[in-house]
1. Does Gly136 fit the bill of being in a loop (DSSP other than H, G, I, E, B), at pLDDT 95 or above and of a type outside the set (Phe, Trp, Tyr)?
2. Please indicate, with yes or no, whether at least one residue in region 123-136 is free of Cβ contacts under 8 Å to residues at least 40 places away in the same chain and either farther than 27 Å from Lys201 by Cβ or aromatic (Phe, Trp, Tyr) (or both).
3. Just to verify a result, which residue in region 25-39, among those that are crowded, with 17+ Cβ neighbours inside 10 Å and under 18 Å from Phe159 (Cα atoms), is farthest from the ligand (Cβ to nearest atom)?
4. Can you name the residue in region 155-187 that is assigned to a strand (DSSP E or B) and not hydroxyl-bearing (Ser, Thr, Tyr) and is also nearest to the ligand (Cβ to nearest atom) among such residues?
5. Among the residues that make up region 40-48, is at least one of them at pLDDT below 95 and loosely packed, with under 13 Cβ neighbours inside 10 Å?
6. Hey, any hits in region 67-83 for a residue that's within 16 Å of the ligand (Cβ to nearest atom), farther than 19 Å from Ala152 by Cα and either outside any strand (DSSP E or B) or under 13 Å from the mean Cα position of the chain (by Cα) (or both)?
7. Out of everything in region 163-183 that is within 20 Å of Glu32 (Cα to Cα) and touching a residue at least 60 places away in the same chain (Cβ under 8 Å), what residue ends up being surrounded by the fewest Cβ atoms within 10 Å (Cβ to Cβ)?
Amino acid sequence: MGMAVSVLGISGSPHRHGNTETLLDAFLEGAENAGASVEKVVLKELDYAPCRGCNACHKTGVCIVKDDAPPLFDHIFSVDCIAVASPIYSMGITAELKGLIDRAQYIWARKFVLKTLYFPNEHIQHHKGIFISTAGLSWDNVFDAAFPAITAFFNTLGFEYYDNIIANNMDQYNGIRGHPTALREAREKGQQVVRVIEDLKA
Ligand SMILES: Cc1cc2nc3c(=O)[nH]c(=O)nc-3n(C[C@H](O)[C@H](O)[C@H](O)COP(=O)(O)O)c2cc1C
């Protein structure tokens, strides 16, 4: 047996143990049951500033802002799967998550300005990104503005955008625990992605 599949949950909800973090926890539980090693970081517990747009990283490939963001990116690069979770706030992702995504600009600069970083297709296939979200309203389009930012994030980091686990209409369901299928779906998808990554590694 090789090393266990590693899964990192990144919770972008400022509301601890709310709908979104609970859905993320169900995913991580499924992954753990399938034998993965699982961790979770809660962005609101970290200390990082928004990107300054100084473009220093375009010359150096390094972010000059020394806070909790660069070590988190180092951590992300050490795992097989990331599950990035955010509720919908004002039709988009939370400030916590958007702030982190912008801070990945130095990775983007390494790839596209300095050309010192390149992820081969095989690397991308072996690294899976999953987006987890909840929204209050029943609108079908309520997640639409979130997807492009998540796509950009996974692209920058060299993770394949593997799947979404999304649940709208939280107001009517009285929260995620009132939803008929979402928590089960999250558990199943947690198990499934671990098996897929195991097969790729075998
Ligand atoms: C500041 C704020 C803005 C919100 N904006 C939206 C919105 O634009 N559309 C929507 O469907 N729900 C919106 N909601 C509802 C949340 O998306 C929903 O309650 C979600 O399940 C909360 O997840 P949480 O328990 O992880 O905080 C908003 C909630 C807050 C606090």
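The values are calculated or read from the model by the stated rules, or taken from the named source; none is laboratory data. Keep in mind that this is a model prediction, so the values were computed, not measured. Cβ atoms come from the backbone with ideal geometry, glycine included; neighbour counts cover every protein chain shown.
1. Working: in a loop (DSSP other than H, G, I, E, B): yes; at pLDDT 95 or above: yes; of a type outside the set (Phe, Trp, Tyr): yes.
In short, yes.
2. Within region 123-136, the subset free of Cβ contacts under 8 Å to residues at least 40 places away in the same chain is 123-124.
Those still in the list that are either farther than 27 Å from Lys201 by Cβ or aromatic (Phe, Trp, Tyr) (or both) too: none.
Checked region 123-136: no residue is free of Cβ contacts under 8 Å to residues at least 40 places away in the same chain and either farther than 27 Å from Lys201 by Cβ or aromatic (Phe, Trp, Tyr) (or both).
3. Ala36
4. As a first pass, look at region 155-187 and keep what is assigned to a strand (DSSP E or B): 160-167.
Remaining after also requiring not hydroxyl-bearing (Ser, Thr, Tyr): 160, 163-167.
On the way: Glu160: 25, Asp163: 19, Asn164: 15, Ile165: 13, Ile166: 11, Ala167: 8 Å.
The qualifying residue nearest to the ligand (Cβ to nearest atom) is Ala167.
5. Just the residues of region 40-48 that are at pLDDT below 95, to begin with: none.
For region 40-48, residues at pLDDT below 95 and loosely packed, with under 13 Cβ neighbours inside 10 Å: absent.
6. At the first step, the residues of region 67-83 found to be within 16 Å of the ligand (Cβ to nearest atom) are 83.
Imposing the further condition that a residue be farther than 19 Å from Ala152 by Cα reduces the set to none.
Looking for residues that are within 16 Å of the ligand (Cβ to nearest atom), farther than 19 Å from Ala152 by Cα and either outside any strand (DSSP E or B) or under 13 Å from the mean Cα position of the chain (by Cα) (or both), one finds none in region 67-83, hence no.
7. By that ranking, first place goes to Leu183.
Yes or no, residue by residue, for (1) within 25 Å of Leu46 (Cα to Cα); (2) hydroxyl-bearing (Ser, Thr, Tyr):
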position	(1), (2)
Thr94	yes, yes
Tyr106	yes, yes
Arg110	yes, no
Thr116	no, yes
Thr151	yes, yes
Tyr161	yes, yes
Gly178	no, no
Leu183	no, no
Lys189	no, no
